[in-house]
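Trainee: Starting off with a structure, shown below.
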Amino acid sequence: MKSKNNIQRIVKSLVLASTLGLSSVVSAGEVEVLHFWTSGGEAKSAAALKELLEAKGHQWRDFAVAGGGGDAAMTVLKSRAVAGNPPTAAQVKGPSIQEWGNEGVLANVSAVAAEGDWDNLLPSVVANVMKYEGDYVAAPVNVHRVNWLWANPAVFEQAGAALPNTWDEFFDAADKIKAAGLIPFAHGGQPWQDFTVFESIVLGTGGADLYNKVFVELDEASMKSDGMKKSFEILRRLNDYTDAGSPGRDWNVATGMVIEGKAAMQVMGDWAKGEFTNAGKMPGKDFVCMAAPGTADAFTFNIDSFIFFDQSDSGARDAQNALAATIMEPEFQQVFNVAKGSIPARLNMPREPFDACALTSMDDFVKTAETGGLVPSVAHGMAAYSAVAGAMSDVVTKFFNSDMSAEDAVAAYVTNVMEAKASL
Amino acid sequence: MFSLDRWDVAYTNLIKFSVCFIILCVLIGLFLAILLDQKIRVEGALRAMYLYPMALSFIVTGTVWKWILNPEFGVERIVQNLGFESFTFDWLVNPEMSIYTVVIAGIWQSSGFVMALFLAGLRGIDNQIIHAASIDGASLPTIYWRIIIPGLRPVFFSVLIILLHIAIKSFDLIIALNNAGPGYSSDVPATFMYTYSFSRGQIAIGSASATIMLMVIIAIVVPYLYSELRSEKHA
């Protein structure tokens, strides 16, 4: 704790130094945006934002840092912030927004939010993620749904299996597909993918209740419950239905196996849709998107957002406000999300430009926001601090890659998570 | 940190990796150097060939070996296609064995370099001693065992120091080869440190592990340096 205070003090004093004009380099009307949208489709999405902002007369200085799923960008951001020279906005999501808020370096964009009526446009679960101590400090650009099952219907037909709605049905279908000589479950054995599958299993066996208790509230009794044990057992069974080459495989290669009909199913977020559509496949016909087994009433969200840093220069502040407003405008939300395969964070958007999968996702987003089934994705850093989520992921991936028993896994999970929680 | 299973895995892996890597590298390097020292033809070409892996970065080595060792399209598949249906070689995806794939790739990369060092050392040994020994009736293996290899002591010294620091700081090879996987079964302290300090923001654990890496290097290298340099003075 003490070291954290020291860091805070350093950051604060450096920020103070920068506000005194020692290192202020941002010119009037310019925004510098740190992001890690560097792959083809994503870069296009970022360019859309740039154009819209330039149309408003502000300049956009691109600050893209590729690599490590954002890890590299975060390292750069930390060093820039400590040096007292943070960018105008940066792509940061989930509980990390609170971590940055604790450092006292964020700008309050509540005025923009009030003008744009964000409170009514965003479901409250989402709005809470964007706020620090009741003020908006971030703007959401999109919503990814993580609990999807992607399936190749041709494979199911060939094996005489039915699309599964529960985990029992999943294993029935998987047996038939395996008997037909195909791979039932396409999986990339990387820790985050193991964890992505596991969070959908927990959601499927214990519902949003157990999910929230275990991943968000970190409730010890729930972590020891039968639901968790059962979830680990299901994960163990999945091992028999993957192929030998799965460890270390990238998610898009696993998606490729489903596209080519070598494998039947994959559990992955909706960014997988881009792989299907880029391969010229039609949703509903060549591939099926459905909620992961047992999770039709729930929605695990992964929301990308931009946080805004305090600016000393008034021109930069105007440009920053314009950026915040632009992000939430329907025009940007539509262009961006159609390109990226996600759905808009703001409600009541026109439906025409979106495909069938996105429409299902949009409907479920609204529905689950009311029923309480809308939960943050823990595997994608939306539910817990990275230290805690990392501790969870360690156990899950260790379990999946060894012959550990489900009881031992539950015990290790409780110890790991409690330790990480205590270290915060 | 010591209660973390992941740290346990990381440092046991480091020990397994360093021991296998250093011993095998030295043996293979020395063996190749002795073979090359037999005044054979095309020595220059062979030497260049063995040294080539050194010209590649660990990232490239890791990626190439990732493909070679992949059970779906690497060695295992080739041997199976040759007709040995029951052949399995799945170290890369087997959590028990995955660290040894790192050893294989590391040896492939570094043994050529070790060979070059030894070869230089062999060339530096006075021919007259060897002549004298052979006149005294010593067989070739005895000459190597009793005279040449002890004469290479300073070379051993540099080789061990170089290999040891490659082993302890090895990071890129593991990241490229199997990204510390499956799971975190081939984690080493360097990847552990990176994960905790940069991906998870647990700077305290990250710096603790970095400090331990430093202390391990000091604990091994300093006494070794001391004993080597002191004995040189005596000589």
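The values are calculated or read from the model by the stated rules, or taken from the named source; none is laboratory data. Since the structure is predicted, the reported quantities are computational estimates derived from the model, not experimental observations. Reconstructed Cβ throughout: ideal geometry from the backbone, glycine too, with neighbour counts over all protein chains shown.
Trainee: Scanning region A:204-246 for residues that are touching a residue at least 24 places away in the same chain (Cβ under 8 Å) and outside any helix (DSSP H, G or I), which turns out surrounded by the most Cβ atoms within 10 Å (Cβ to Cβ)?
Mentor: Only one residue tops the list, namely A:SER246.
Trainee: Is there a residue in region B:102-109 that is away from chain A (no Cβ under 14 Å) and modelled with pLDDT under 85?
Mentor: no
Trainee: Additional query: Please work out which one of (1) part of a helix (DSSP H, G or I); (2) under 24 Å from the mean Cα position of the chain (by Cα); (3) surrounded by 13 or more Cβ atoms within 10 Å (Cβ to Cβ) is the condition B:TYR52 fails and give its number.
Mentor: Result: B:TYR52 fails condition (3) only.
Trainee: Kindly provide the set of residues from region A:146-168 that are more than 20 Å from A:GLU199 (Cβ to Cβ) and either in a helix (DSSP H, G or I) or free of Cβ contacts under 8 Å to residues at least 24 places away in the same chain (or both), ordered by number.
Mentor: First pass over region A:146-168, keeping only residues more than 20 Å from A:GLU199 (Cβ to Cβ): A:152-163.
Once the filter is applied, which keeps residues that are more than 20 Å from A:GLU199 (Cβ to Cβ) and either in a helix (DSSP H, G or I) or free of Cβ contacts under 8 Å to residues at least 24 places away in the same chain (or both), region A:146-168 yields A:PRO153, A:ALA154, A:VAL155, A:PHE156, A:GLU157, A:GLN158, A:ALA159, A:GLY160, A:ALA162.
Trainee: Is there a residue in region B:193-200 that is in contact with a helix residue (DSSP H, G or I) (Cβ under 9 Å, 6 or more places away or on another chain), aromatic (Phe, Trp, Tyr) and part of a loop (DSSP other than H, G, I, E, B)?
Mentor: First, the residues of region B:193-200 that are in contact with a helix residue (DSSP H, G or I) (Cβ under 9 Å, 6 or more places away or on another chain): B:193-200.
Filter once more, keeping what is aromatic (Phe, Trp, Tyr): B:194, B:196, B:198.
Next, only the ones that are part of a loop (DSSP other than H, G, I, E, B) stay: none.
No, region B:193-200 has no match at all.
Trainee: Additional query: I need the full set of residues from region A:139-183 which are under 25 Å from the mean Cα position of the chain (by Cα) and among the β-branched types (Val, Ile, Thr), in order please.
Mentor: Scanning region A:139-183 gives A:VAL141, A:VAL143, A:VAL146, A:THR166.
Trainee: Scan region A:338-371 residue by residue and report those that are of a type in the set (Gly, Ala, Ser) and either more than 28 Å from A:PRO191 (Cα to Cα) or free of Cβ contacts under 8 Å to residues at least 12 places away in the same chain (or both).
Mentor: Residues satisfying the conditions are A:ALA356, A:ALA369.
Trainee: Let me ask something else about it. Tell me yes or no: at least one residue of region B:46-67 is in contact with a Phe, Trp or Tyr (Cβ under 8 Å, 6 or more places away or on another chain), within 20 Å of A:ALA244 (Cα to Cα) and free of Cβ contacts under 8 Å to residues at least 40 places away in the same chain.
Mentor: yes
Trainee: Let me ask something else about it. For region B:127-140, which residues satisfy the criterion of being closer than 21 Å to B:VAL155 by Cα and either loosely packed, with under 10 Cβ neighbours inside 10 Å or aromatic (Phe, Trp, Tyr) (or both)?
Mentor: B:ASN127, B:GLN128
Trainee: Next question. Report whether or not B:LEU163 is touching a Cys at 6+ places or on another chain (Cβ under 8 Å), at pLDDT 85 or above, surrounded by 14 or more Cβ atoms within 10 Å (Cβ to Cβ) and more than 14 Å from chain A (Cβ to nearest Cβ).
Mentor: Considered against the rule, which asks whether it is touching a Cys at 6+ places or on another chain (Cβ under 8 Å), at pLDDT 85 or above, surrounded by 14 or more Cβ atoms within 10 Å (Cβ to Cβ) and more than 14 Å from chain A (Cβ to nearest Cβ), B:LEU163 comes out as yes.
Trainee: In the set B:TYR184, B:TYR194, which member is within 14 Å of chain A (Cβ to nearest Cβ), surrounded by fewer than 22 Cβ atoms within 10 Å (Cβ to Cβ) and closer than 30 Å to A:GLY189 by Cα?
Mentor: Step by step, each of B:TYR184, B:TYR194 is checked, and only B:TYR194 is within 14 Å of chain A (Cβ to nearest Cβ), surrounded by fewer than 22 Cβ atoms within 10 Å (Cβ to Cβ) and closer than 30 Å to A:GLY189 by Cα.
Trainee: Right, next: Failed condition for A:ALA339, given (1) within 14 Å of chain B (Cβ to nearest Cβ); (2) of a type in the set (A, V, I, L, M); (3) surrounded by fewer than 23 Cβ atoms within 10 Å (Cβ to Cβ), with all others met?
Mentor: Of (1) within 14 Å of chain B (Cβ to nearest Cβ); (2) of a type in the set (A, V, I, L, M); (3) surrounded by fewer than 23 Cβ atoms within 10 Å (Cβ to Cβ), only one is false for A:ALA339: (1).
Trainee: Based on what the data block shows, is A:ALA389 crowded, with 17+ Cβ neighbours inside 10 Å, within 19 Å of the chain's Cα centre (by Cα), part of a loop (DSSP other than H, G, I, E, B) and within 14 Å of another protein chain (Cβ to nearest Cβ)?
Mentor: Judged against the criteria, A:ALA389 is not a match.
Trainee: Report whether or not A:VAL76 is of a type outside the set (Gly, Ala, Ser), under 17 Å from A:SER305 (Cα atoms) and touching a residue at least 40 places away in the same chain (Cβ under 8 Å).
Mentor: Values: of a type outside the set (Gly, Ala, Ser): yes; under 17 Å from A:SER305 (Cα atoms): no; touching a residue at least 40 places away in the same chain (Cβ under 8 Å): yes.
No; evaluated as a whole, the condition is false for this residue.
Trainee: While we're on this one: Does A:GLU115 fit the bill of being within 21 Å of A:PHE301 (Cβ to Cβ), away from chain B (no Cβ under 14 Å) and part of a helix (DSSP H, G or I)?
Mentor: It is false that A:GLU115 is within 21 Å of A:PHE301 (Cβ to Cβ), away from chain B (no Cβ under 14 Å) and part of a helix (DSSP H, G or I).
Trainee: I need the full set of residues from region A:236-285 which are within 21 Å of the chain's Cα centre (by Cα) and of a type in the set (A, V, I, L, M), in order please.
Mentor: Residues satisfying the conditions are A:VAL253, A:ALA254, A:MET265, A:VAL267, A:MET268, A:ALA272.
Trainee: What do you reckon, is B:ILE147 free of Cβ contacts under 8 Å to residues at least 60 places away in the same chain, among the β-branched types (Val, Ile, Thr) and surrounded by fewer than 13 Cβ atoms within 10 Å (Cβ to Cβ)?
Mentor: Criteria not met by B:ILE147.
Trainee: Of these, B:ILE99, B:ILE34, which one is touching a Ser or Thr at 6+ places or on another chain (Cβ under 6 Å) and in a helix (DSSP H, G or I)? Show your work before the answer.
Mentor: Values: B:ILE34 fails: touching a Ser or Thr at 6+ places or on another chain (Cβ under 6 Å).
After ruling out the rest, the residue left standing is B:ILE99.
Trainee: Please enumerate the residues belonging to region A:185-196 that are surrounded by fewer than 22 Cβ atoms within 10 Å (Cβ to Cβ) and more than 12 Å from chain B (Cβ to nearest Cβ).
Mentor: Passing the criteria: none in range.
For every residue, the table says whether it meets (1) crowded, with 23+ Cβ neighbours inside 10 Å; (2) within 14 Å of another protein chain (Cβ to nearest Cβ); (3) of a type outside the set (Phe, Trp, Tyr).
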residue: A:GLN320; (1), (2), (3): yes, no, yes
residue: A:PRO330; (1), (2), (3): no, no, yes
residue: A:MET349; (1), (2), (3): no, no, yes
residue: A:GLU352; (1), (2), (3): no, no, yes
residue: A:ASP355; (1), (2), (3): no, no, yes
residue: A:THR360; (1), (2), (3): no, no, yes
residue: A:VAL375; (1), (2), (3): yes, no, yes
residue: A:SER402; (1), (2), (3): no, yes, yes
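Trainee: Kindly evaluate B:ALA208 against the criterion of being within 13 Å of chain A (Cβ to nearest Cβ), farther than 21 Å from A:LEU77 by Cα and under 26 Å from the mean Cα position of the chain (by Cα). Before the answer, list the steps.
Mentor: Working: within 13 Å of chain A (Cβ to nearest Cβ): yes; farther than 21 Å from A:LEU77 by Cα: yes; under 26 Å from the mean Cα position of the chain (by Cα): yes.
Yes, satisfied.
Trainee: Follow-up. Tell me whether region A:392-400 contains one or more residues that are within 13 Å of chain B (Cβ to nearest Cβ), part of a helix (DSSP H, G or I) and modelled with pLDDT under 90.
Mentor: So far as region A:392-400 goes, no, none of its residues is within 13 Å of chain B (Cβ to nearest Cβ), part of a helix (DSSP H, G or I) and modelled with pLDDT under 90.
Trainee: Among the listed residues B:ASP187, B:ASP136, identify the single one that is among the acidic types (Asp, Glu) and under 24 Å from the mean Cα position of the chain (by Cα).
Mentor: B:ASP187 is the lone residue from the list that is among the acidic types (Asp, Glu) and under 24 Å from the mean Cα position of the chain (by Cα).
Trainee: Among the residues in region B:75-93, are any away from every other protein chain (no Cβ under 13 Å) and within 16 Å of the chain's Cα centre (by Cα)?
Mentor: no
Trainee: A further question on this structure: Do you know which of the residues in region A:169-200 that are among the small types (Gly, Ala, Ser) and assigned to a helix (DSSP H, G or I) is farthest from A:ASN302 (Cα to Cα)? Write out each step before concluding.
Mentor: Here is the first cut: in region A:169-200, the residues among the small types (Gly, Ala, Ser) are A:173-174, A:179-181, A:186, A:188-189, A:200.
Among the residues that remain, those that are also assigned to a helix (DSSP H, G or I) are: A:173-174, A:179, A:200.
Numbers: A:ALA173: 29, A:ALA174: 28, A:ALA179: 36, A:SER200: 13 Å.
The qualifying residue farthest from A:ASN302 (Cα to Cα) is A:ALA179.
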